[in-house]
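Chemist: Input: one structure, supplied below.
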Amino acid sequence: MSILEKIESPKDLKLIRRELFPELAKEIREEIIKTVSVTGGHLAGSLGVVELSIALHYVFNLPQDKIIWDVGHQCYPHKLLTGRKKLFSTLRQFEGISGFPKREESVYDAFGVGHSSTSISAGLGFACARDIKGEESKVAVVIGDGAMTGGMVFEGLNNAGHIATDLLVILNDNEMFISHKIGAFAGYLAKLMTLGLVKKLEKKAYKLLKRISFWGINLVRIAKRFKVLLFPGMLFEEMGFAYFGPIDGHDMNQMIDILSKIKDLKGPILLHIITKKGKGYPPAEEKPTAFHGVSPFDITTGTKKKTNSKNKIPTYTEVFTSTMLTLAKENKDIVAITAAMTDGTGLNLFEKQFPDRFYDVGIAEQHAVTFAAGLAAEGLKPVCAIYSTFLQRSFDQIIHDVCLQKLPVVFALDRGGIVGDDGPTHQGVFDLSYLRMIPNLIVMAPKDENELQHMLHTAFSFDLPCAIRFPRGKGEGVKMDSQLKALSLSEAEILTLGNQINILAIGNMVYPSLLAAQKLQVEEGISCGIVNMRFLKPLDKKTLDLIAKKSKLIVTVEENVLSGGFGSAISEFFNGEKMFIKSIGLPDVFIEQGKCEIIRRKYGLTMEKIAQEVKNFYKKHKKNG
């Protein structure tokens with residue numbers, strides 16, 4: 001029996017001899033690599049925190065003590081150490097365990113996450129709740145250097161330093177530019193600091209300097225400024241944190257010793273550790289960005305497993321990229337912005353061709369939107385390319401800084417709709433609702449990849465903010481027009497017009513609805529029309545009036561929550577008129593993880609389910625006259 005198989009909870013870990021921990025780390029890495037090669041997932045980050053995870057679970061007493069993981073894509077070792085080894089093969093699968101910490105899944109998952117930069121604020125909440133309840137538990141927050149680019153982090157640090165309660169923040173730093181800090185001296189200095197010697201010497205030095213008047217110069221202030229140059233932790237010290245490190249995050253014995261010492265110190269503590277993303281798996285070590293989030297791959301080579309598709313169908317992201325390159329060559333005012341998702345949004349090629357017109361602002365969606373507003377105010381044409389689920393973090397900035405001022409920012413919402421295995425934190429199923437309510441904002445959704453390129457071209461012709469929402473994955477495989485053309489504002493596309501009932505669909509639900517309409521015509525003899533609405537806002541009033549004259553029965557279809565979405569917009573348009581409207585979309589729940597086709601089938605967004613719902617709706621009203 002392996003060491004890992006003996007661990008059902010962190011209590012079992014404490015019974016294992018420390019000299020066996022390196023072998024345990026090896027087993028954890030092997031299990032993660034084996035599983036993720038099949039299921040896909042976040043690999044490099046999890047491989048980088050194996051030693052840290054073992055040290056944390058050995059030193060702290062979970063679940064009484066709390067570990068808060070920022071983002072959570074590095075939590076796979078944590079899951080294996082907290083009784084989920086037998087379920088690990090179901091990682092990110094439908095009805096399996098989540099790829100992120102999830103409170104409903106385990107008592108050891110103190111806080112559910114999926115988005116970045118939330119951990120310090122949440123951890124401070126746990127710490128203050130502990131104080132109010134008079135408890136003695138410890139709270140440890142693990143946050144990566146990438147997440148430190150989020151403004152919410154500094155809001156949390158500022159408040160934590162002010163409150164000054166006991167809170168441990170572990171900065172997991174895997175950037176190479178400070179790798180020289182790793183070594184015996186850095187580890188020795190960190191140990192000295194945990195023993196309090198350096199702190200005592202520092203206080204004595206400042207006390208001495210205060211007594212000396214040297215030509216009226218404030219020597220304490222000069223000493224502190226000099227310390228900023230020597231010690232990177234001075235920023236955190238000034239915010240009220242005691243700073244320790246940096247130390248080697250892969251030296252398990254050192255990690256355990258230091259954590260054991262600092263966990264009982266009073267006040268806010270920041271421990272700075274240095275780790276290597278992808279540690280223990282050469283392909284991930286060599287290309288950590290490529291192995292941040294991966295689809296199934298071959299373990300031996302690290303290459304992505306090939307699909308059986310013979311014809312290369314471009315993804316929506318690829319079409320967005322190629323169209324951006326074409327448009328940017330023609331218009332030097334076009335600027336691209338993303339929030340730490342250069343590769344994911346397909347803007348890596350834009351960066352290479354137009355480096356002076358590309359900005360990756362880090363994990364800072366709020367800043368990205370207001371930054372785009374400033375560019376637009378000066379006459380440029382900014383495109384803000386952010387995943388649907390992440391753009392919702394900048395809701396106020398979209399309203400206040402862009403739309404209120406009618407600034408022509410183009411929002412490219414990749415991963416709109418169901419995204420699959422990452423689950424409820426990443427499903428882009430709210431955007432049609434949260435964007436539709438905002439004045440001055442044009443909202444479009446293409447039925448296929450060809451229409452996407454035309455919509456992006458069209459967006460620059462409007463002197464208003466514009467959002468284009470498109471799904472994850474491959475397009476429909478349609479023929480791409482060689483010339484870009486502008487669409488008329490709000491104009492829908494009537495594919496077929498029905499005398500008995502009409503389906504109004506938007507985005508990637510147009511083709512399933514078209515097939516459903518054809519099925520009803522052939523198999524049931526129902527004259528069912530289908531309209532590609534294209535624009536959620538503004539709606540095509542002319543086409544809607546025409547539809548109402550043909551039939552009083554309308555079915556709307558969208559891959560979005562029904563609350564406030566496309567169906568709601570159609571119902572509001574016909575409010576007061578004698579129309580019968582049924583809306584098909586997602587219910588008022590958070591959509592779970594699973595392959596997109598499984599989720600669509602469950603929630604009735606397949607051709608067969610749409611046809612059945614339309615048929616039932618039609619027959620019900622035909623029967624009632």
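Rule-based calculations on the coordinates, nothing more; no lab input. Predicted model only: the values in this text are computed from it and were never measured. Cβ atoms come from the backbone with ideal geometry, glycine included; neighbour counts cover every protein chain shown.
Chemist: Over 31 Å between Cα atoms, which of Lys447/Lys623; Lys474/Lys609; Lys304/Lys381; Lys447/Lys615; Lys276/Lys312 qualify?
Modeler: Table pairs above 31 Å Cα-Cα are Lys447/Lys623; Lys304/Lys381; Lys276/Lys312.
Chemist: May I pose another question? Taking the simple approach of a point 7 Å from Cα along Cα-to-Cβ for both Arg17 and Glu378, what is their distance in nm?
Modeler: Distance between label points: 6.5 nm.
Chemist: Nearest 20 debye, what's the magnitude of the dipole of the chain about its Cα centre given +1 on Lys and Arg Cβ and -1 on Asp and Glu Cβ?
Modeler: 520
Chemist: So, one more: What residues have an amide H closer than 5 Å to that of Glu559, excluding those fewer than 5 places away on the same chain, when H is modeled at 1.01 Å from N in the peptide plane?
Modeler: Met509
Chemist: Going by alpha carbons, how many degrees (0 to 90, nearest 10) lie between the helix axis of 449-459 and the longest principal axis of the chain?
Modeler: The helix 449-459 is inclined about 80 degrees to the chain.
Chemist: Check Ile530: other-chain or 5+ apart residues with amide H under 5 Å from its amide H, H built from backbone geometry?
Modeler: Leu495, Thr496, Leu497, Gly498, Ile503
Chemist: As an exercise, use a Förster radius of 56 Å and the Cβ-Cβ distance of Cys128 and Asp333 to find the FRET efficiency, rounded to the nearest 0.05.
Modeler: Calculated value: 0.70.
Chemist: With +1 on each Lys and Arg Cβ and -1 on each Asp and Glu Cβ, how big is the dipole of segment 1-132 about its Cα centre, in debye rounded to the nearest 20?
Modeler: Charge dipole of segment 1-132: 100 debye, to the nearest 20.
Chemist: Also: Counting every Cα pair in the chain, what percent are over 41 Å apart?
Modeler: Counting pairs separated by more than 41 Å, the tail of P(r) holds 35 percent.
Chemist: Taking amide H positions as placed 1.01 Å from N in the peptide plane, with prolines and chain starts having none, which residues 5 or more places from His292, or on another chain, fall under 5 Å of its amide H?
Modeler: Amide H to amide H, under 5 Å and 5 or more residues apart or across chains, His292 pairs with Ala44.
Chemist: Along the charge dipole of the chain, pointing to its positive end and built from +1/-1 on Cβ of Lys, Arg, Asp and Glu, which listed residue (Gly529, Gly428, Leu504) has its Cα farthest out?
Modeler: In the chain, that residue is Gly428.
Chemist: Sticking with this one: Say the dipole of the chain comes from +1 at the beta carbon of Lys and Arg and -1 at that of Asp and Glu; which of Ala164, Ser571, Gly146 then lies farthest toward its positive end?
Modeler: It is Ala164.
Chemist: What is the helix-to-structure angle for 252-262, meaning the angle in degrees between its Cα long axis and the longest Cα principal axis of the chain, kept from 0 to 90 and rounded to the nearest 10?
Modeler: Long axis of 252-262 versus the principal axis of the chain: about 80 degrees.
Chemist: Using only the alpha-carbon atoms, how far is helix 316-330 inclined from the longest principal axis of the chain? Give it as 0 to 90 degrees, nearest 10.
Modeler: With rounding to tens, the tilt is 90 degrees.
Chemist: Placing +1 on the Cβ of each Lys and Arg and -1 on the Cβ of each Asp and Glu in segment 332-421, which of Ile398, Ile334, Thr370 has its Cα farthest towards the positive end of the resulting dipole?
Modeler: Checked the options; the winner is Ile334.
Chemist: Of the DSSP beta bridges with both residues in the chain, give the percent that are antiparallel, rounding to the nearest 5.
Modeler: Approximately 15 percent, going by the DSSP bridge assignments.
Chemist: If you count the DSSP beta bridges with both ends in segment 493-623, what percent of them are antiparallel, to the nearest 5?
Modeler: Of those bridges, close to 15 percent are antiparallel.
Chemist: Here's a follow-up. To the nearest 0.05, what FRET efficiency results for Glu493 and Lys305 with a Förster distance of 51 Å applied to their C-beta separation?
Modeler: Once rounded, the FRET efficiency stands at 0.85.
Chemist: Assigning unit charges at the beta carbon (Lys, Arg +1; Asp, Glu -1) and nothing else, what dipole magnitude in debye, to the nearest 20, does segment 316-469 show about its Cα centre?
Modeler: 280
Chemist: Express the C-alpha Rg of segment 308-366 as a ratio against the empirical globular expectation 2.2 N^0.38 Å, rounded to two decimals.
Modeler: 1.24
Chemist: Based on the Cα gyration tensor of segment 316-469, what are the three equivalent ellipsoid semi-axes, each the root of five times an eigenvalue, rounded to whole Å and given largest first?
Modeler: Three semi-axes, in Å: 20, 18, 15.
Chemist: Taking the alpha-carbon centroid of each part, what is the distance from segment 592-624 to segment 523-562 in angstrom?
Modeler: Segment 592-624 and segment 523-562 have Cα centres separated by 16 Å.
Chemist: Using a Debye calculation, one point per C-alpha and no hydration shell, please list log10 I(q)/I(0) for segment 493-623 at q = 0.15 Å⁻¹ in order.
Modeler: Here log10 of I(q) over I(0) equals -0.65.
Chemist: Sticking with this structure for a sec: Would you calculate the convex hull of the Cα atoms in segment 474-567 and tell me its volume per residue in Å³?
Modeler: Expressed per residue, the convex hull around the Cα atoms of segment 474-567 is 121 Å³.
Chemist: Once segment 14-92 is represented by equal point scatterers at the alpha-carbon sites, with solvent omitted, what log10 I(q)/I(0) does the Debye formula produce at q = 0.11, 0.17, 0.21, 0.26 Å⁻¹?
Modeler: For segment 14-92, the Cα-only Debye profile gives -0.27, -0.65, -0.99, -1.42.
Chemist: Of Lys479/Lys542; Lys34/Lys279; Lys85/Lys261; Lys519/Lys622; Lys549/Lys622; Lys582/Lys622, which sit over 21 Å apart, Cα to Cα?
Modeler: Listed pairs above 21 Å: Lys479/Lys542; Lys85/Lys261.
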